[in-house]
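*Asks:* One structure is given below, represented as structure tokens, and several questions about it will come after.
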Ligand code: FAD
């Protein structure tokens, strides 16, 4: 079925009349990945999300597809090997959305990472992740490091390293996985909350009770297996099924801030050590630079997670003490976001020491819950869950292997990154003088080859300008990406509220009006 807002009533209808093999609760990257994997293996799958897809942590990460260099320090070799190797797989599945980004790691006098230890660590990192020879780490002299990033404090730098990572848009990655799952036959819907479970006479879960957040209508959904992939909400959903015993989640908050790139004109992505030893990313993205992250235990509302003054001051001070001629103030911060890491609690460990490994919990009712993990590792996490579902819950179905490493994550896939570059060049030439290069970059990074249909549609509206492009984007997201509310579009489909906050403010009333006039109400 189409992943369109117009299909909602049909999807709601089908959810009430179908018996599913698998029901996935939660439309973040973990749930979306499970839905795609299961649908690709021929299961009858539904996914329900109580907010918008990617509303939770999956739109609030550092937006890197990375191996997690710092997990090496924690001796998590298996984790680094798995997520490190996944980077190239995800790049191949969506080369426009998982984009190579060299990371500069400066080494400073008096900081924890020494030159030789870093050199060996990065070598192990590349080896574990099977990084191609041309992408392996390069150690830099002091002079080379300062040439790569002249804003670094000259008196402190001893040397540095350049190593390969990938940047992405986490929410878009989640949406593309959802769209691909829908194409493979899964039924996915946002704004539908699971509020309880249905049981058979043996006390085994036989489905859920769901509530439509827009109409308050409550109805049951029948399914042989239910998977709880609700990230930070995993324990809340476990509580709907039983009193929690055994392992629990430990939520930690991570904050990012966005500034104009003219305020922090770094030449490339950089991963540096703050005064307190925490590692911080500063990542350029078109005309902005974003900086993060913090890591503090969190006990407040999971539905409204925000950066506070203390978080922002901490990040500003880390930047101001690391770079010369940079004095960022609170007023320079154009946008912020904050997300929760759904980590597994371990007694006596600090926030940063907690493992980022994923874990699967199974309860006697049959409820499968998955928590922890990384955006980068979502495909392998999904593979493990679907393997378990097939072997332990659906043995009457023939076991099929996971194929998601070969299923492109876009409607019109690019074969490789050079094709993305050539495509960008060709549409930049076609719309030269009408559409600035930065807007072309944004459209291709966001929509891939669909950028052309969006630009053509905008042109057909009369004039080709930011306003007609916005309308064409809205039209596209309504038809193909199930936007319901303005924030779905401004935050999670386009990232505009994060990376072009002034434009998002200008566009907000128009977006609301467009949705009110073009969207079926129920
Ligand atoms: P979520 O994305 O939170 O999804 C859970 C969904 O379940 C939510 O959308 C929620 O609305 C829904 N839900 C909850 N209750 C219900 C219910 N009752 N019914 C229906 N739906 C429900 N990983 C990386 O690989 N790279 C990074 O750069 C990176 N940076 C990070 C930075 C920060 C600050 C944080 C916090 C995490 C970072 N991570 C990163 C980790 C990564 O973002 C997470 O592991 C991942 O996004 C978790 O996805 P999820 O689907 O499990 O959870």
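What follows is calculated from the coordinates using simple rules that are stated; it is not laboratory data. Since this is a predicted model, take the numbers as computed values, not measurements. Glycine also receives a Cβ, built like all others from the backbone with ideal geometry; neighbour counts cover every protein chain displayed.
*Asks:* Given the alpha-carbon gyration tensor of the stretch 170-261, what are the semi-axes of its equivalent ellipsoid in whole angstrom, ordered largest first, with each equal to the square root of 5 times an eigenvalue?
*Replies:* 28, 21, 13
*Asks:* I'd like the distance between the alpha-carbon centres of the stretch 147-166 and the stretch 180-252, rounded to an integer number of Å.
*Replies:* For the stretch 147-166 versus the stretch 180-252, the Cα centre distance is 46 Å.
*Asks:* Please list, short to long, the whole-number percent of alpha-carbon pairs of the stretch 300-364 in consecutive 10 angstrom bins beginning at zero.
*Replies:* Binned Cα distances yield the sequence 15, 32, 32, 16, 4, 1.
*Asks:* Rank-order 437-447, 215-225 by packing density, defined as the average count of other C-beta atoms within 10 Å over each peptide's residues, highest first.
*Replies:* 437-447, 215-225
*Asks:* How many angstrom lie between the C-alpha centres of the stretch 6-79 and the stretch 270-317?
*Replies:* Centre-to-centre distance over Cα atoms comes out at 25 Å.
*Asks:* What share of Cα pairs, in percent, lie more than 19 angstrom apart in the stretch 411-522? Let's see the in-between values first.
*Replies:* Working: 2781 of 6216 pairs.
Value for the stretch 411-522 (Cα pairs over 19 Å): 45 percent.
*Asks:* For every helix of n ≥ 4 consecutive DSSP H residues, a contribution of -39,500 (n - 2.57) applies; sum these over the chain, divide by its total residues, and give [θ] at 222 nm rounded to the nearest 500 deg cm²/dmol.
*Replies:* -11000 deg cm²/dmol
*Asks:* Further question: Counting DSSP beta bridges in the chain, what percent are antiparallel, to the nearest 5?
*Replies:* Taking every DSSP beta bridge within the chain, about 80 percent pair in antiparallel fashion.
*Asks:* Further, regarding this structure: Taking the Cα centre of each part, how many Å lie between the stretch 410-440 and the stretch 465-522?
*Replies:* Cα centres, the stretch 410-440 to the stretch 465-522: 22 Å.
*Asks:* With N set to the residue count of the stretch 162-210, report its C-alpha Rg divided by 2.2 N^0.38 Å to two decimal places.
*Replies:* 1.82
*Asks:* For residue 70, project a label point 7 Å along Cα to C-beta. Then give me every residue of the stretch 338-368 with its amide nitrogen under 20 Å of that point.
*Replies:* So the set is 338-359.
*Asks:* With a cut-off of 14 Å, note down the residues of the stretch 390-421 whose backbone N falls inside the zone around a label point 7 Å from the Cα of residue 132 toward its beta carbon.
*Replies:* 415-421
*Asks:* What span do the alpha-carbon atoms of the chain cover on each of the three principal axes, reported in whole Å from largest to smallest?
*Replies:* Taking max minus min along each principal axis of the Cα atoms, the chain gives 71, 62, 43 Å.
*Asks:* One quarter of the convex hull surface, Cα atoms only: what value does that give for the stretch 88-144 in nm²?
*Replies:* 4.9
*Asks:* Can you check how the C-alpha radius of gyration of the stretch 328-416 compares to 2.2 N^0.38 Å, as a plain ratio?
*Replies:* Normalised by 2.2 N^0.38 Å, the Cα Rg of the stretch 328-416 equals 1.56.
*Asks:* Please report, largest first and rounded to whole Å, the three semi-axes of the ellipsoid equivalent to the stretch 34-147, where each semi-axis is the square root of five times an eigenvalue of the C-alpha gyration tensor.
*Replies:* Computed over the stretch 34-147, the values are 34, 16, 14 Å.
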